[in-house]
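The values are calculated or read from the model by the stated rules, or taken from the named source; none is laboratory data. Values in this document were obtained by computation on a predicted structure and should not be read as measured data. Cβ sites come from the backbone with ideal geometry, for glycine too, and all protein chains shown count toward neighbours. Heads up: the accessible areas ignore ligands, DNA and RNA and are worked out on the full protein's heavy atoms, side chains in. Shrake-Rupley method; radii C 1.70, N 1.55, O 1.52, S 1.80 Å.
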Amino acid sequence: MTAARHHQDTEQHADHDADHHRGLAADVARMLTRSATRRQSLRWLFVGAGSAVLPLAGCGGGVSADDGFGLSSSTTTTGAASTGSGSAVCSVIPEETGGPYPGDGTNRNANGVANALVLSGVVRSDIRTSVAGASGVAAGVPLTIRLRIENVAQGCAVAAGAAVYLWHCTREGGYSMYSSGIVSENYLRGVQEADSEGYVTFTTIFPGCYDGRMPHVHFEVYPSLAKATNAANRIKTSQFTFPLAIANEAYTSSGYASSIGNLARMSFALDNVFSDGTALQMASVTGTASQGYSATLTVGVNW
């Protein structure tokens, strides 16, 4: 699947070869020895009862915009219980925009092609630090993300051996590899291979809320770890979010000051990705801001 690319940020992009170090292919080989242009169909949002159907552009990182328009038969969610709703059994998670900051080789940053998939060390569980010679560390409320990948085409059998590339913004709302001051960092990005039960697990921080979007996490699903070196092989691009009560609690923590106001101005009804419903994209969350959170979600794909 291909992801929409729309960016209103004022950062300038320059040519540079981003094929850093030996890359994911080398990581895969070492591990083995030890053991979408725009979305194909634009979603449309109904605005008001009986009104005309209008496109609604959404936002990306910082104060700029993700694109991706949407319509589905699911209902809009404007709030959520603190534990979230999880996902329905045997359902394909909606295809969503990867936004302007995918870092999967499909666009450029200020240094050239932005491709985390080829970085040595990108296959990892803890994504709070940068790899491949970068040394930055992302601070924030601890968050463990646990996704269970299921193949809907096979009766929702666990997709053991599938791979997930996951990324999200910092507590300040910026994206490594793109945002000012962290273009040379690659933290909060990582690849994991699903275990025998279909699970991938990432240790990270609770993402901030930037202007125009609800808190969210991006991810791409690949049929195998070996194929996760090239974005052309992805079989699903999507996003998930968190219960409103959890986000409000998390943003009382140090470093999330800007998220408080940004979240207060937003809702799931206004979010260009989640306005058509969050039933399949609302993570179940346990924990506290002081102790950290654990988020779980079942992700149905079809291949």
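A few comments on the model shown:
- Scalar couplings 3J(HN,Hα) for segment 235-240, obtained by applying the Karplus form with A = 6.51, B = -1.76, C = 1.60 to θ = phi - 60°, are 10, 7, 10, 8, 9, 9 Hz; x denotes Gly and Pro.
- Normalised by the number of residues in segment 180-278, the average gap of Cα pairs under 8 Å and 6 or more apart makes the relative contact order 27 percent.
- Sequence-distant residues sharing a close amide H with residue 299 (under 5 Å, placed H): 148, 149, 150
- Couplings 3J(HN,Hα) of segment 242-254, computed from phi: 10, x, 4, 4, 5, 4, 4, 5, 4, 7, 7, 7, 4 Hz, in residue order, whole Hz [Karplus 6.51 cos²θ - 1.76 cosθ + 1.60, θ = phi - 60°; x for Gly and Pro].
- Backbone phi angles across segment 290-303, fed through the Karplus curve with coefficients 6.51, -1.76 and 1.60 (θ = phi - 60°), yield HN-Hα couplings of 6, 9, x, 10, 10, 10, 10, 7, 8, 10, x, 10, 9, 8 Hz in residue order; Gly and Pro are listed as x.
- Gyration tensor (alpha-carbon) shape descriptor, segment 92-141, a/c threshold 1.5: oblate
- Accessible area per residue for segment 158-224, computed on protein heavy atoms with a 1.4 Å probe, is 23 Å².
- Loop trypsin sites (Lys or Arg not before Pro), segment 224-272 (other Cβ atoms within 10 Å of the site Cβ: 14 or fewer; DSSP): 265
- Surrounding net charge for residue 233, when Lys and Arg each add one and Asp and Glu each subtract one, Cβ distance under 15 Å: 0
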